[in-house]
Amino acid sequence: MPLIPRRTRFLRRSRVMRGSWGVWKPRIVFWLGAVAIGVVSVGFAKAADLAQHLFHHLLNSHTSGYLIPLLLTPVGFALCAWLAIRFFPNSQGSGIPQAIAARHLHDENARTWLLSLKVAVGKIILTVIGLFCGASIGREGPTVQVGAALMLASGRIGGMVQARGLILAGSAAGIAAAFNTPLAGIVFAIEEMSRTFESRSNGLVLTAVILSGLAALGLVGSYTYFGETSVSAQTGRDWLLVLTCGVCGGALGAAFSASALKAVRRIRRWAHSQPLKRMVLLAAACGLAVAIVGVLSHGETFGTGYEESQRILGGEAPSPLLFLAKLSTTFLSMISGIPGGIFAPSLTVGVSLGGTLASLIGSNIALGAILGMAGYFAGVVQAPMTAFVIIIEMTGNHEAVIPIMAASMLGYITSRIISPEPLYHGLSRPFLAEAIRRYRNDRRANT
């Protein structure tokens, strides 16, 4: 091997060092984007909690507090719908369908139309306003769209071309940071967002989840979303509860999913001629209905339902029809078109359903709450692995792993039989079609 002069070796090393910024820049920007998702998720969570606390403070401030939602909720719904259509298009609903649709697009402008930083800002603001008005929505689905938008923006700044992988990574990081459930974030990305395992994206997903999770841990510390539980299935009645929660939860989840898809499609056709006017009127009507149900349920159906879920998971028997009341307000909030997710409210529906079934069977209420949550959530999203992983991580329960898995699988199978079309993927199709239509129109205008 010929000897290379020392000066030549030094020059080669210098060129490598000078050119290494092009290699490291995308990585550094990607890492910063993942950290930003964790920071934004924590801020979003604190703002959402504050909004809910303010709303409940208004309810409990004086004897006529329950008259407040009858005015505040419909006005707030109408305002959110108007702002979403007028200033933040594509911020409506959960946000997960937009992220799924963006992964199927190949044009950068079309993807940005669904996952821009402007949409992300609007998503956060309008979701917080919705929670302040008592809407039965959650922040977890919106965090997916926000995370995907942040990661896509990081990719553009860093010059990364793996747009689909970036959206997947941002979505996973959003779920992980929102619930403090890193494993569920990864499983969600594989099972629900991509519906397949992509080896080229697994490194991006894992890195994004780790960094966003570390950022969230640094700000709020380690915690379990619903606190620690240690119940398990031990008796014959407990295993009967597994079967009942799985089948009933899956059937109810399928009914919600199928009804929501049908309603959203009909509403789109109905509002097509006058979208702003009709959607604002619809939002106001849905808000009034949510307020009426909330007043009749003594405030239990407003917001995410987190406090109600915690009480039932602690062994307190729920109101017998709480699950139906919460399902109705979640359905109304969803079809109203205001920004907001269904993750947290769906968990509350499942918890109250399981608690009610446990009371009827004579089994452990806390166990029923966990199993109902697994069966119903798997029935709604038709993602059984995500359901049982996220519930195990949120409750810290490792004694009932097999029963939770069984309830999730039964819920999934029952839901697939009743409603074969997955909810989020069905909701993503209109966004995908509209993005393709806009892309084609822009091409015609430029030719």
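The values are calculated or read from the model by the stated rules, or taken from the named source; none is laboratory data. Owing to the predicted nature of the structure, the values given are computational and were not obtained by experimental measurement. Methodologically, a virtual Cβ is constructed for each residue, glycine included, from the backbone with ideal geometry; neighbour enumeration extends over all protein chains shown. Side chains are part of the model used for accessible areas, which takes the heavy atoms of the whole protein and leaves out ligands, DNA and RNA. Shrake-Rupley method; radii C 1.70, N 1.55, O 1.52, S 1.80 Å.
A compact table of results
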item: Degrees, to the nearest 10: 140-158 long Cα axis against longest axis of the chain; result: 10
item: Listed residues Val119, Val75, Val280 arranged by accessible area, highest first, probe 1.4 Å; result: Val75, Val280, Val119
item: Area of His53 that stays accessible when all protein chains are in place (1.4 Å probe, Å², to 10); result: 110
item: Relative contact order (%) - segment 272-409, alpha-carbon pairs under 8 angstrom, separation at least six; result: 20
item: Across Lys118/Lys262; Lys25/Lys46; Lys46/Lys118, pairs whose alpha-carbon gap is larger than 27 Å; result: Lys118/Lys262; Lys25/Lys46
item: Enclosed volume per residue, in Å³, of the convex hull spanned by Cα atoms of the chain; result: 170
item: Cα gyration tensor category, rounded, prolate or oblate, for segment 354-412 with a/c compared to 1.5; result: oblate
item: Average projected area [Cα convex hull, segment 27-75], square nanometres; result: 4.2
item: Accessible surface of Arg156 - all protein chains present, 1.4 Å probe, nearest 10 Å²; result: 90
item: Protection proxy ranking, peptides 225-231, 41-47, average beta carbon neighbours within 10 Å, highest first; result: 41-47, 225-231
item: Per-peptide average of other Cβ atoms within 10 Å, ordering 346-355, 381-390, 399-408, 258-267 highest first; result: 346-355, 381-390, 399-408, 258-267
item: Helix axis angle, 6-60 relative to the chain longest principal axis, alpha carbon, degrees; result: 20
item: Isotropic mean projected area of the C-alpha convex hull, segment 234-312 (nm²); result: 7.3
item: Relative contact order of the chain, defined on C-alpha pairs under 8 angstrom at six or more residues apart (%); result: 23
item: Highest-fluctuation residue, Gly76, Gly38, Gly158 considered, GNM on the chain with Cα pairs under 10 Å; result: Gly158
item: Probe 1.4 Å, all protein chains present, accessible-area order of Met373, Met409, largest first; result: Met409, Met373
item: Contact order normalised by residue count of segment 326-392, Cα under 8 Å, 6+ apart, percent; result: 26
item: Solvent accessible area, Å² - Asp107, 1.4 Å probe, full protein context; result: 40
item: For the chain, calculated [θ]222 nm from helices alone, where every DSSP H run of n ≥ 4 adds -39500 (n - 2.57); result: -26000 deg cm²/dmol
item: Computed label-point distance, nm, for sites His53 and Leu183 using a 7 Å Cα→Cβ extension; result: 3.1
item: Distant-in-sequence amide H partners of Gly138 (H built 1.01 Å from N, under 5 Å); result: Gly341, Ile342, Phe343, Ala344
item: Most to least accessible of Glu393, Glu192, Glu108 (protein chains only, probe 1.4 Å); result: Glu108, Glu393, Glu192
item: Tilt relative to the chain, helix 199-220 - C-alpha long axis, 0 to 90 degrees, to 10; result: 70
item: Calculated from backbone phi, Karplus (6.51, -1.76, 1.60) coupling profile of segment 162-177 in Hz, x at Gly/Pro; result: 8, 4, 5, x, 5, 4, 4, 5, x, 5, 5, 5, x, 5, 4, 6
